[in-house]
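Working notes, structure below.
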Amino acid sequence: MRANRRCFLGCVVLVLGLVLMAPARSPAAPQGTVIYAVHITIAPAWFDPADNPGQITPFIIQYALHDAVIKPMPAGMMTPSLAESWTASKDGRVYEFVLRKNVVFHNGDPMTAEDVKFSFERYRGAGAKLMKEKVEAVTIVDPHRVRFHLKEPWPDFMGFYGSPATGAGWIVPKKYVEKVGDDGFKKAPIGAGPFKLASMTPGVEIVLEAHEKYWRKTPKVKRIVMKSVPEGSTRLAMLKRGEAHIAYKTDGPLGEEVKKDSNLDLVFSGGIATWWLQFGDMNDPKSPWHNQKVRLAASLALDRKALSEAETLGASPPTGSIIPREFEWALPVEPHPYDPKRAKQLLVEAGYPNGFDAGFITPIPPYYSFAEAVAGYLGAIGIKAKVQKMERAVMFDKRRKKELGDICLCANGGFGNAVTRIDADIVSTGVHSVLKDAEIDRLFAEQSRESDPKKREALLKRIQQRVVDQAYFAPIYQLQWPNGVSKAMKVSGMGLIPTFYYTGPFEEIELR
Amino acid sequence: MTRFILKRCGLALASLFILSVTIFVLIRLTGDPATLLAAPEAKEADLQAIRVQLGLDRSWPVQYVHFVGGALRGDFGTSLYYRVPAGALYWQRLPASLQLAAAAMAISLLVGLSVGILAAVHVGRWWDSVGKLIALLGLSMPSFWLGLLLIYFFAVYLHWLPTSGRGTAAHLVMPAVALSGYFTAAHMRLTRSSMLDVLGSDYVKLARLKGLPESWVLVKHAFKNALIPVVTLAGINLVLMINVAVVVETVFAWPGIGRLLYEGIEFRDFPVVQTVVLLGGVMVIAANLTVDILYAWIDPRIRLER
């Protein structure tokens, strides 16, 4: 009896001892590996936000490695991240950011105002020249407070600094960059993001590991592997075989295959890229496109829903504006209905009862099937256009030089706000604009001088309304991508950040 | 022989010079990389800043001299896309391409020579039909299609092999088979026709009249002589397999130089394209020299003629 009791007590002590001696393990510790099949080749140049080209692509990795003072998050397009808050002075010349105190970089160094100032001054990517012309000085008030002094009021400052339109607000560690230099930083980047770089094989894969001291929350996944797989069918095969959890860009028939597979989900993401028809020679009075009725007819001839179905499995919402509705100061515009009968009537009224030969329709490569479908709709009302295929660099060059002529199936996928889109595509000096409307140019100049935010917004909306009334473009849809996601994912991070094409925030990604 | 080799080396250098000029000019005619590296809405000043940063604002002759001078020192410039030395990228990717090409060449020679000999020996019969079918499929089926079929059957359906990437021997099987398809057919056809020529020759007839065993006649007298054109073709094909397996490397996400070249062309990455083409050219010339020497070794008459 005594022996039994002793044995029982011994067992209790042993169990208690084992429990107490077991390594402390937080239930929030990151676990598991998520594998991505990425449609593009990840370049080391993207590890450094200082070189951001103004395209969204580098953020496929920068949302994991780095963090920004302000950035788009599920809560909104300008969510305070490394800054707790920000204020603008009444005269619009000083912006002050209060930084978080608990932020550390991957190497353990604390993030301070010095790093914010350094990152801005070091930035040399898209829009750097403009920002540095506008910003007079960056001053450090205290280690967690920084001020940007502008030479004159610039209402678009936050549009550039607080969005992925540039990389100026994405923070790198000053001490580390100064120690290793630019090349060293690209080889071994250190950031303040939720994941740190573990290894990289250029053109093959990159491996990321959770940064457990990430300020917002400890990432739920231990490791992320991004494999570069340019062929869509191979990405789908990887998903089906369980070699990847997330496959970007499984459009067309690939998306249909994903839909059929009970182990996979089809998830849509993005929407920042709007697509539209641009009428190259509409300023020429001899051109049919000079007539507003003809442009309107082209817009009414398009079945946007069917185009969205065919190209993106119905994911891309039709739009009536070339500016995404999520953008600040965007005028929400309903798309024109699909009305070929009225379109034909408008052509008759415009003096083209038998239609006309519109020459070529040139899409941004490689969206040729999209262009074929659009040409089909135009052809149905008598506007005959042939699809012209151009190599990407040649097409971009011609578009920039405004030499495309005829019809362009164009898009803009840059971050920013209504001003940045109007500046690029609508005002006569715009880098891609073929419009020459003196009234729009006048309104745009007026808004740039306007300090009252409400008056400015009204001016910007007047510009957008004029574009709609004149049917200067035939907007089609805000492009969304279908992506394949394994059912093994509890949270894929796809579609959480409005209009963002890639997964994020990375700290939210979770396996089942 | 020494004089011949020296002459060939001089010609090789001249070929390399012409190749370097050609690729330097052609890649620049295809477009401005700044337009692809910058944001679509970037202004001309932004583009010019990129050109200055990458050294593309200088005149073509200056750029060419810089490129050739660097190449002679082993410095092929910095990749515009990867922002790392283009030479380092090439050498990093080369082992994967060599591995893939070696495996594909082994498959193509093993199957191509065997079936080619059998088809020639059994001309007009069952084996010949099998050979014709292999040739038809190999030459007409695009490698990307063959690759996708292999992926869906062996990876997705049977779960025997990994879909893509590089790592284990299992990763190598499907890309090597897909790459070897065309070359197997080519080697098979040439072996068959070459064997048929040789089998009809007087010295083979004489060997048979002498009463030598048929296997001995085939191996010692027929096959050795029929091998010369096949070795020539295989030498050229090996270089092709290493340098232009663009489609197969893309389908299987195989990290070789074919994919590097594809990426280089896509992004107008001048240093990468120049490096891959130039070093590929060096490889072609070296392979041709090697094949010439092998010729002379296999058939002494050639050595005497030269």
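Brief remarks follow.
- 0 to 90° range, to nearest 10: angle between helix B:60-72 axis and chain B longest Cα axis: 60 degrees
- Cα-based equivalent ellipsoid of segment A:320-387: semi-axis lengths in Å, sorted from largest, via gyration tensor: 25, 19, 9
- For B:Arg192, net neighbour charge (Lys/Arg +1, Asp/Glu -1) across residues whose Cβ lies under 15 Å away: +1
- Annotation: the antiparallel percentage among DSSP beta bridges lying fully within the protein assembly as shown is about 75.
- Taken one residue at a time, the phi angles of segment A:87-97 give Karplus couplings (6.51, -1.76, 1.60, θ = phi - 60°) of 9, 10, 5, 4, 7, x, 10, 10, 10, 10, 10 Hz. Gly and Pro are set to x.
- Per-residue shielding of A:46-52, expressed as the average number of other chain Cβ atoms within 10 Å of the residue Cβ, stands at 1.
- Counting Cβ atoms of other protein chains within 10 Å of each residue's Cβ and taking the mean over peptide A:275-281 gives 0.
- Long-range amide H partners of A:Glu136 with built H, under 5 Å: A:His149, A:Leu150, A:Lys151
- 12 Å beta-carbon shell around A:Asp339, net charge (K/R +1, D/E -1): +3
- For A:Tyr176, net neighbour charge (Lys/Arg +1, Asp/Glu -1) across residues whose Cβ lies under 11 Å away: 0
- Förster radius 60 Å - calculated FRET efficiency between B:Ala88 and B:Tyr203, Cβ distance, rounded to 0.05: 0.65
- For the protein assembly as shown, the 222 nm mean residue ellipticity estimated from helices alone, with every DSSP H stretch of n ≥ 4 adding -39500 (n - 2.57) and the total spread over all residues, rounds to -15500 deg cm²/dmol.
- Normalised by the number of residues in segment A:67-174, the average gap of Cα pairs under 8 Å and 6 or more apart makes the relative contact order 33 percent.
- Between B:Val130 and B:Ala286, the contour length at 0.36 nm per residue exceeds the alpha carbon distance by 52.6 nm.
- Neighbouring Cβ atoms from other chains, within 10 Å of the Cβ of residues in A:201-208, number 5 on average.
- The Rg/Rh ratio of chain A, with both radii computed over alpha carbons and Rh defined as the Kirkwood radius, is 1.05.
- Converting phi to 3J(HN,Hα) with the Karplus coefficients 6.51, -1.76 and 1.60 and the offset θ = phi - 60°, segment B:203-210 yields 5, 6, 4, 4, 4, 5, 5, 6 Hz in sequence order, with x at every glycine or proline.
- Unsatisfied cross-links (Cα-Cα over 23 Å) in the set A:Lys71/A:Lys487; A:Lys71/A:Lys461; A:Lys101/A:Lys187; A:Lys71/A:Lys132; A:Lys249/A:Lys305: A:Lys71/A:Lys487; A:Lys71/A:Lys461; A:Lys101/A:Lys187
- Of the cross-linked pairs A:Lys344/A:Lys398; A:Lys117/A:Lys196; A:Lys196/A:Lys217, those separated by over 25 Å at the C-alpha level are A:Lys344/A:Lys398.
- Mean separation of Cα contacts under 8 Å (6+ apart) over length of chain B, as relative contact order %: 26 percent
- Per-peptide average of other Cβ atoms within 10 Å, ordering A:87-93, A:336-342, B:111-117 highest first: B:111-117, A:336-342, A:87-93
- Working note: Karplus 6.51/-1.76/1.60 with θ = phi - 60° gives segment B:272-289 the couplings 5, 4, 4, 5, 5, 5, 5, 5, x, x, 4, 5, 4, 5, 5, 5, 5, 4 Hz, where Gly and Pro are set to x.
- Taking the Cα centre of the protein assembly as shown as origin and assigning +1 to Lys and Arg Cβ atoms and -1 to Asp and Glu Cβ atoms, the resulting dipole is close to 2000 debye.
- Under the convention that each Lys and Arg Cβ holds +1 and each Asp and Glu Cβ holds -1, the size of the dipole of chain B around its Cα centre is about 1080 debye.
Read the figures in this text as sums done on the coordinates, not as results from a lab. All values derive from a computational prediction rather than experimental measurement. Backbone-built Cβ (ideal geometry, glycine too); neighbour counts: all protein chains shown.
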